[in-house]
């Protein structure tokens, strides 16, 4: 199933996801380059909300550009299999090798604003990340490592503290939503 069909099939959790789903589908219809950074206005990314087996901790990285604790993730760069992108980025950014996919398809949708910044010595203008996130599980005892060109820390955080450790106010409602969805899903499966 292609990315457009996956997003069409996605059932929004709240008003934010409903609005972002509608916008993502419009961007797919409007632009033929939303899977690459060639589209300077908006492009697809994939992120992971990585939890431990007990669902009490989430893995976060200290992102060098944003100077904040954050989820793992990265650009699609032409790959329309965003689950593949999310898994690859999670492994690269954390050193984790054994990741289990918990979500049946896309776990969460969000359009995230990105302020202008310098990356690898080059100016990147402000733009939108059309983000599809996935719910993953990992063993919190598995060794972690940083990816020096992207992050300077990797750690497990108490899941209810994830919104407190980020320095990005815009990410607080996203991380809270991810936890709310996780808790709703987990309580259903008990």
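The values are calculated or read from the model by the stated rules, or taken from the named source; none is laboratory data. This one's a predicted model, so the numbers in the text were calculated from it and none came from an experiment. Neighbour counts are summed over all protein chains in view; Cβ atoms, including those assigned to glycine, are modelled from backbone coordinates with ideal geometry.
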*Please go through the stretch 166-182 and pick out each residue that is part of a helix (DSSP H, G or I), more than 15 Å from residue 48 (Cβ to Cβ) and out of contact with any helix residue (DSSP H, G or I) (no Cβ under 9 Å at 6 or more places or on another chain).*
169, 170, 180
*asked:* Quick check on my filter: what residues within the stretch 94-113 are modelled with pLDDT under 95 and either surrounded by 12 or more Cβ atoms within 10 Å (Cβ to Cβ) or in contact with a strand residue (DSSP E or B) (Cβ under 8 Å, 6 or more places away or on another chain) (or both)?
replied: 103, 105
*Based on what the data block shows, is residue 20 part of a loop (DSSP other than H, G, I, E, B), modelled with pLDDT of 95 or more and over 14 Å from the mean Cα position of the chain (by Cα)?*
no
*asked:* Of the conditions (1) under 13 Å from the mean Cα position of the chain (by Cα); (2) surrounded by fewer than 21 Cβ atoms within 10 Å (Cβ to Cβ), residue 78 satisfies every one except a single condition; which number is it?
replied: (1)
*Give the residues of the stretch 114-149 that are in a loop (DSSP other than H, G, I, E, B), under 16 Å from residue 66 (Cβ atoms) and touching a strand residue (DSSP E or B) at 6+ places or on another chain (Cβ under 7 Å), sorted by residue number.*
116, 126, 146
*Using the structure shown, decide if residue 53 is in contact (Cβ under 8 Å) with a residue 60 or more places away in the chain, assigned to a loop (DSSP other than H, G, I, E, B) and surrounded by fewer than 16 Cβ atoms within 10 Å (Cβ to Cβ).*
yes
_Cβ contacts < 8 Å: first residue within 13 Å of residue 133 (Cβ to Cβ), restricted to the stretch 3-22; second residue surrounded by 14 or more Cβ atoms within 10 Å (Cβ to Cβ) and at pLDDT below 95, any location; separation 6+ or different chain. Result?_
6/105; 10/105
*From the options 83, 96, 87, residue that is over 24 Å from residue 168 (Cα atoms) and not in a loop (DSSP other than H, G, I, E, B)*: 83
*Filtering the stretch 130-163 down to residues that are more than 27 Å from residue 44 (Cβ to Cβ) and under 17 Å from the mean Cα position of the chain (by Cα), which residue is surrounded by the fewest Cβ atoms within 10 Å (Cβ to Cβ)?*
155
_Looking only at the stretch 164-178, how many residues end up being free of Cβ contacts under 8 Å to residues at least 60 places away in the same chain and loosely packed, with under 13 Cβ neighbours inside 10 Å?_
3
*Evaluate the stretch 56-63: report whether one residue or more is modelled with pLDDT under 95 and either closer than 25 Å to residue 152 by Cα or over 15 Å from the mean Cα position of the chain (by Cα) (or both).*
yes
*Selection within the stretch 150-165 - closer than 18 Å to residue 66 by Cα, in contact with a strand residue (DSSP E or B) (Cβ under 8 Å, 6 or more places away or on another chain) and assigned to a helix (DSSP H, G or I)*: 162, 165
*Select, from 13, 44, the only residue that is at pLDDT 95 or above, under 17 Å from the mean Cα position of the chain (by Cα), surrounded by 13 or more Cβ atoms within 10 Å (Cβ to Cβ) and in a strand (DSSP E or B).*
44
